[in-house]
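Participant: Sharing a structure here in structure tokens format.
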Amino acid sequence: MQWKIVSLATLLLTALSGCASIGPPTVARDRFDYVTAISDSWKAQMLFNLVKLRFADAPVFLDVASVITQTGIQGTLAVSGSWWQNLLQLPFTSSVGVSTAATYGEKPTVTYTPLSGVRFARSLLTPIPPAAVISFLQAGYPVDVVLRLTVNSINGINGPSGYGQRARAADPEFFPLVEKLRNIQQSGQIGLRVRKAGDQVSTSIVFSKKVTPELEVDRDEVRKLLGLDPKAEEFNVVYSSVAANDHEIALLTRSVLEVLTELSSYIDVPAADVEQKRTFPSPAPAVVSGVPVAPLMRIFSSPQKPDDVFAAVPYGRDWYWIDNKDFGSKRLFSFIMFLFTLTDTGEKQGAPIITVPVG
């Protein structure tokens, strides 16, 4: 009987010792899960702060600084046996017992860093560099969307603004200008040139020399609207409200905070909140040639939690969301998140502020 007990124990121990490592399989699973969770939380945080801005509430951003996960498995094996003999009765009587137990544990630790102080002010209040605006155009983002969102004026031509007391209609030349620029962008006959001289970096917009008659008409109209040299093919791009000469394009860009407040004006807030002065009414859409200009983004609200959303957050008594079938709003929202990350130039803090063990 003893040899049976020993054989069984040996078999179980061999099985436990032969298990594959549990570490490597968790990498693909955990990375995908955490990337999804962090991405969804960033979208919700950005949307939540847009809603807060619409109601004159201060935005607060919390960065996920690190994620550490400890994963482990423990197993135990217990074997017991006994035998005895009754002197007045044969055969021997024996008994054996085997018990096993295993525990699996996962202990994630998430570190959060509030964006505050100098870093917060720098990332939100610094105007977007004109070179970054031109880079977005070079990367294929629609020029009409980028300029409507990130620029207050171009060579003195004011764009639209829909936020509260600052709301204003665009100058009559603005929408024809961005329409012509959009045609030039779609043709691919516009480029970006960057020059470095020591610590100084200059950016220029360059028109291609190969052009169709139709495109040349658009380029001439752009030069005329911006007051540029009608024969020039290259123009310096600077941050200013007024161009210094007819070879310069002056962009008065917005800060990230201005961009976010501008986007918050597109939120479809409940009529009761407007009547109670909790927020301002949504601005009427601009009209060009008798046709309303589509809003840059659509953010809806309702008392009930919506289905099939790209992002949704509760605020006050209502839910606010972006429809998952609204590709334009989703693309612009992703662009804003990228813009926010790109312009965050604050220093990394040396120590975590908040560390939360989960589980």
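The values are calculated or read from the model by the stated rules, or taken from the named source; none is laboratory data. None of these values were measured; they are calculated from a predicted model. Cβ: placed from backbone, ideal geometry, glycine included. Neighbour counts: every protein chain shown. These area figures cover heavy atoms from the full protein model, side chains too; ligands, DNA and RNA do not enter into them. Shrake-Rupley method; radii C 1.70, N 1.55, O 1.52, S 1.80 Å.
Participant: Region 255-306: which trypsin sites (Lys or Arg not before Pro) are DSSP loop and have at most 10 other beta-carbon atoms within 10 angstrom?
Facilitator: Listed in order of number, the matching sites are Lys277.
Participant: Given a 1.4 Å probe, how much area per residue of region 148-194 is accessible, in Å²?
Facilitator: Roughly 45 Å² per residue, with all protein chains present.
Participant: With the Cα gyration tensor of region 102-250 giving a ≥ b ≥ c as the square roots of its eigenvalues, does the rule (a/c under 1.5 for rounded; else a/b larger than b/c for prolate; else oblate) give rounded, prolate or oblate?
Facilitator: On the way: a/c = 2.08, a/b = 1.86, b/c = 1.12.
It is prolate, given that a/c is not under 1.5 and a/b is the larger ratio.
Participant: So which lysines can Lys210 reach, going by Cα to Cα under 30 Å and dropping same-chain residues fewer than 8 places off?
Facilitator: Those lysines meeting the cut-off are Lys180, Lys196, Lys224, Lys231.
Participant: Here's another thing I want to ask about it. Taking amide H atoms as placed 1.01 Å from N in the peptide plane, list the residues 5 or more away in sequence, or in a different chain, whose amide H sits under 5 Å from that of Tyr315.
Facilitator: Tyr320
Participant: Next question. Can you give me the distance in nm between label points at Asp57 and His247, each placed 7 Å from the Cα along the Cα-to-Cβ direction?
Facilitator: Going by the 7 Å Cα→Cβ label model, 5.2 nm.
Participant: Now for a separate question. Under a crude label model (7 Å from the Cα following the beta-carbon direction), how far is Ala37 from Glu234 in nanometres?
Facilitator: Result: 5.2 nm between the two label points.
Participant: Return the carbon/sulfur percentage of the accessible area of region 125-263, one whole number, probe 1.4 Å, all protein chains in place.
Facilitator: 52
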